[in-house]
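Written below as structure tokens is the structure these notes are about.
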Amino acid sequence: MSHITRNVQPVIARLGREGSGELVASRYAVRIGDIDVVLISDGVLPLPTSTMSTNVSEADRNEWFDGRFLQRDTFDWALNIALVRSGERLILIDSGVGDGFEYFSRAGRSVMRLESAGIDLAAITDIVITHMHMDHVGGLNVDGVKAKLRPDVRIHVSAAEIAFWKNPDFSRTVMPEAVPPALRAAAAKFVKLYNENIVQFDQSVEVAHGVSARVTGGHTPGHCVVDVASNGEKLTFVGDAIFEVNFDNPDWQNGFEHDPEACVDVRIALFDDAAETGALLAAAHVAFPSIGHVAKSGEGYRFVPVQWDY
Ligand SMILES: [Zn+2]
């Protein structure tokens with residue numbers, strides 16, 4: 001198969017501008033029973049394809065990316081956050097990568113996209129952080145964001161996650177050399193900045209009616225997913241438990257996973273549950289808007305994206 005180098009310059013840079021009229025789809029809303037859920041794109045993170053398949057041969061990796069008509073060397077990871085309205089509560093799930101990383105200049109759009117959607121940051125009552133990697137807490141670390149949030153905003157983070165970042169273990173990860181220090185710094189900045197707002201939970205917490213976070217561990221020891229359930233309908237935001245490559249290959253490990261074997265068990269349990277119950281999944285790093293069903297397919301699974309509703 002021949003390989004054509006794509007022009008990765010984003011379409012908004014070539015043809016449009018950022019803001020409410022931008023030319024890329026960057027937010028998508030669904031209703032789960034009585035609860036509104038909006039997925040918002042923070043942008044994309046270009047990373048080596050090997051980061052999504054650290055335990056896989058180069059031939060197997062190339063075969064998967066060739067089969068998707070993608071480049072073999074670099075893959076643009078989607079980066080999604082979510083906003084959930086349940087009754088009087090408005091809950092933000094994760095915050096994107098922020099602006100501290102020149103290499104990730106094609107992400108960090110979350111705050112701009114929330115504001116261009118007419119969402120006042122001061123209306124957010126609760127924030128859930130799936131885990132404290134910089135692409136999930138970085139948006140909150142941007143200068144000026146804290147001042148726009150209400151002073152009493154509750155930021156829910158698992159106790160295991162807070163404990164882990166006091167002395168994080170990177171011995172099982174496979175990351176470029178510069179990444180662990182950047183992750184440490186972002187996590188430390190987040191805790192320092194929001195110490196008064198952080199509400200720790202153990203195994204699970206009901207953040208609002210029908211909206212609960214529960215610890216899965218794996219990706220980080222305190223990694224959690226968020227279940228949204230109402231009137232018999234359900235969507236789970238799985239954070240970093242599932243990556244684009246994992247529907248076909250649940251056992252492919254990711255270089256950002258602090259316990260890669262545990263991650264395989266976590267994602268298989270999430271896949272099986274979604275396949276059996278028909279619940280929707282959404283994920284931080286599955287192509288925007290990342291909402292879909294999971295079907296069993298041979299030894300693996302098949303992602304069935306939702307039909308967009310207009
Ligand atoms: Zn992530």
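The values are calculated or read from the model by the stated rules, or taken from the named source; none is laboratory data. Since this is a predicted model, take the numbers as computed values, not measurements. Ideal geometry is used to build each Cβ from the backbone, glycine not excepted, and the neighbour counts take in all protein chains shown.
Brief remarks follow.
- Top-ranked residue in region 252-287 [being under 17 Å from the mean Cα position of the chain (by Cα) and among the polar types (S, T, N, Q); ranked as farthest from the ligand (Cβ to nearest atom)]: Q253
- Check on H219, under 17 Å from I81 (Cβ atoms), in contact with an Asp or Glu (Cβ under 6 Å, 6 or more places away or on another chain) and not in a strand (DSSP E or B): yes
- Residues in region 235-251 that are part of a loop (DSSP other than H, G, I, E, B) and either under 21 Å from L83 (Cα atoms) or within 16 Å of the ligand (Cβ to nearest atom) (or both): V238, G239, D240, A241, I242, F243.
- Qualifying residue in region 206-215 (condition: over 19 Å from the mean Cα position of the chain (by Cα), charged (D, E, K, R) and modelled with pLDDT under 95): no
- Only one of the listed residues (H131, H136) is of a type outside the set (F, W, Y), at pLDDT 95 or above, within 16 Å of the ligand (Cβ to nearest atom) and part of a loop (DSSP other than H, G, I, E, B). That residue is H131.
- Note on region 75-103: residues that are part of a loop (DSSP other than H, G, I, E, B) and away from the ligand (no atom under 16 Å from the Cβ) amount to 3.
- Within the set I119, I93, I81, the sole residue that is free of Cβ contacts under 8 Å to residues at least 40 places away in the same chain, within 19 Å of S26 (Cβ to Cβ) and in contact with a strand residue (DSSP E or B) (Cβ under 8 Å, 6 or more places away or on another chain) turns out to be I119.
- Contact annotation: no residue pair with Cβ atoms under 6 Å, 6 or more positions apart or on different chains, pairs a residue in region 255-268 that is within 21 Å of P48 (Cα to Cα) with a partner that is at pLDDT below 95 and aromatic (F, W, Y).
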